[in-house]
Every structure is written in C-alpha cells, then in structure tokens.
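Notes follow the structure.
The values are calculated or read from the model by the stated rules, or taken from the named source; none is laboratory data. Nothing here was measured: the structure is a model prediction, and the numbers come from that model. When we count neighbours, we look across all protein chains shown, and the Cβ atoms used for this are built from the backbone with ideal geometry, even at glycine. Surface areas here come from the heavy atoms of the whole protein model, side chains and all, with no ligands, DNA or RNA. Shrake-Rupley method; radii C 1.70, N 1.55, O 1.52, S 1.80 Å.
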Amino acid sequence: MPTKPKLGQNFLHDPHAIQRIVAALGDCSRETVIEIGPGRGALTRVLAAHAAHVLAIELDDALIAHLRAEFSPDRVTVVHQDVLDFDFAAASVQAGHRLAVVGNLPYYITSPILLKLAENHSVLNRAVLMMQREVADRVAAEPGSRDYGLLSVTAQLYGPVEKLFTLPPGAFSPPPQVHSTVIRWRFAPRFSALGIDNADTFQAFLRQAFAQKRKTLANNLRAAGFSTPDTSRALAAAGIDPQIRAEALSLESFAAMWKILRGADLPSLQE
C-alpha cells in the first residue's frame, strides 16, 4: 500500500517497539484507548488485544477500508477523521471514563496535536506518543537547557512529560530522515498548584515572554506592551534577574511574575 508523503506517513514496523509502546500505557484492559493515526494497523493489533476498546482515528481514505476489513468493530472502531477535529469529550462521555491516548504523530502537525490534547486534558488520563526526537526534546526540556521554550512550558503545564526511548529510521517504513522518540505525558494540570486562576491569560503571558528567543524577558514584555517601570518592579518583586531570558525560568517563576503583573491591573493581562 503506497504512502502519502503529504500526510507524513512513516509506518512503525518494529515489533519490539510496538510492545514497548503498549506496555508504557500500563493496564488498559478496562479502558477505551484513542489511537492517533493507526496507519496499516501494526500498533492497533497489539492495542486491540490489551484495551477494552480502541478508537482508531485515521485520515487517509485508502487506509480506512483496510482497517475496517481487518478489525472487528467490537474491538476497534475506525474513525475517518482528522484528529484535530475529533471530539475527545464526547468519546470520554461514551466510554464513561477519562481516555488514554497513543499514537505515532505525523511530524508536520505534532505541535497542533499536542495543543489539541492539552485543550482536552480534563477528559484524558495519559498519552504515549511518538514524535520526531527534536520535538520530544523540546516537550520534555528543563529550564536553562537549549531546547526549553514555549512548547516545553505549555505541555508541562498540563502534567509531567518523560522521554521513554528513541527509535532509528529503520524502525519505520518508509524510513524517515530523523530519529523518533516516544514520550509519556500524564495529564495532571498545575494551574491550581501554581495559583493560576485564568489559564488563557497565563498562556497568553507565556507566549509574550517567549516571543523573541534572543531577547531578555524584560524586553519581550516591553514589546508586548508592559511599561518599563511595571516590568522592572515585577521582576524585582519576583526575585528575577532583569537580564534573564525566558528560557531560564521555571513555571513557578513565570507564575509568580504573572500574578504580580496581574495584581497591578495591567491592560495586557485583562481577560
């Protein structure tokens, strides 16, 4: 069956890797598992033997018929849809519990898929996801590392991320030009622990803080409309070096500064 490069299709065929991915989910014998991009069904076959039910979301018309012919609807429901349009909340209501997610994410839409999962965190329990190694490094990066940035803090706001293992191009057909890393993301939002009462406003603040990677945090905030005196006072009150870049700050430090600026009733942080 030919692949469609525009859909970013690189099908996993390493049986050991497939077993490790399913094992990383843990016990899913009583759960509905969402599989993003089942492709030719290599991972689906193993999932179907372990999960109570699998919802396999596939966009490629040519693969839909093949998947539906192979799998019994009692075990696997094949959904012909773009995952970015999928209703996770409705699927969770139907299943009667929060969902587990697994998938070999297409490289070209990895970040939008991660954001989609973050938006649906309340109906998700955990996700085991494969993606380009460089993206996984960014998602799991710690403050101060060269990979740490907006994607890191956004993902980690919704729960801890751990890198599990990395696969070479030869584990896929056709082989991609990059290595791929599997991560596990447990959904446990940190907003309450950080004292954040408005997720949208805080995330907008993070986007402002990371707007220009080479600029200091103070300069990025000034460019976003914060005055120099307000920015300086907030940095001092939060105990943050005025010359620091956003890439060096933890989520706790961002939250502290956001609360100070928000307490000043600044227009840039209004709902």
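Contact order normalised by length for the stretch 73-194, with contacts defined as Cα pairs under 8 Å and 6 or more residues apart; what percent is it? Don't skip to the end; give the middle numbers.
Numbers: 175 pairs, mean separation 29.1, N = 122.
Relative contact order for the stretch 73-194 comes out at 24 percent.
Roughly speaking, to the nearest percent, how much of the chain's 1.4 Å accessible area is carbon and sulfur? With neighbouring chains kept in place, the figure for the chain is 51 percent. Rounded to the nearest 0.05, the FRET efficiency derived from the C-beta distance between Ala224 and Ser122 at R0 = 25 Å is 0.30.
Per residue, the chain exposes 46 Å² of accessible surface when a 1.4 Å probe is rolled over the protein heavy atoms with every protein chain present. 3J(HN,Hα) along the stretch 120-126: 9, 4, 5, 10, 10, 9, 7 Hz, from the Karplus curve 6.51 cos²θ - 1.76 cosθ + 1.60 with θ = phi - 60°, whole Hz, x for Gly and Pro. Placing unit charges on the Cβ atoms only, positive for Lys and Arg and negative for Asp and Glu, gives the stretch 157-271 a dipole magnitude near 320 debye about its Cα centre. Length gained on full extension, Glu162 to Ala237: 23.8 nm, using 0.36 nm per residue less the C-alpha separation. Close amide H contacts of Phe187 (hydrogens built in the peptide plane, cut-off under 5 Å, sequence separation of 5 or more or a different chain): Arg126, Ala127.
Please give the helix 61-70 orientation as an angle from the longest Cα principal axis of the chain, in degrees from 0 to 90, rounded to the nearest 10. The helix 61-70 is inclined about 50 degrees to the chain. For Cα pairs less than 8 Å apart in space and 6+ apart in sequence, what is the mean separation divided by the residue count of the chain, i.e. the relative contact order in percent? After rounding, I find 15 percent. Each Lys and Arg Cβ is given +1 and each Asp and Glu Cβ -1; about its Cα centre, the chain then shows a dipole of about 540 debye. Were the residues from Arg190 through Asp74 laid out at 0.36 nm apart, the gain over their Cα-Cα distance would be 38.1 nm. Taking amide H as placed 1.01 Å from N in the peptide plane, Val78 has its amide H under 5 Å from the amide H of Ala56, each at least 5 places away in sequence or on another chain. Here the Karplus relation 6.51 cos²θ - 1.76 cosθ + 1.60, evaluated at θ = phi - 60°, turns the backbone of the stretch 51-59 into coupling constants of 8, 5, 7, 10, 9, 9, 9, 10, 9 Hz, with x for every Gly and Pro. For the stretch 18-23, backbone phi angles converted through the Karplus equation (6.51, -1.76, 1.60; θ = phi - 60°) give residue-by-residue couplings of 4, 4, 5, 5, 5, 4 Hz, Gly and Pro being listed as x. Any idea what log10 I(q)/I(0) is at q = 0.12 Å⁻¹ for the chain, Debye with uniform C-alpha scatterers and no solvent? Listed by q, the Debye log ratios stand at -0.76.
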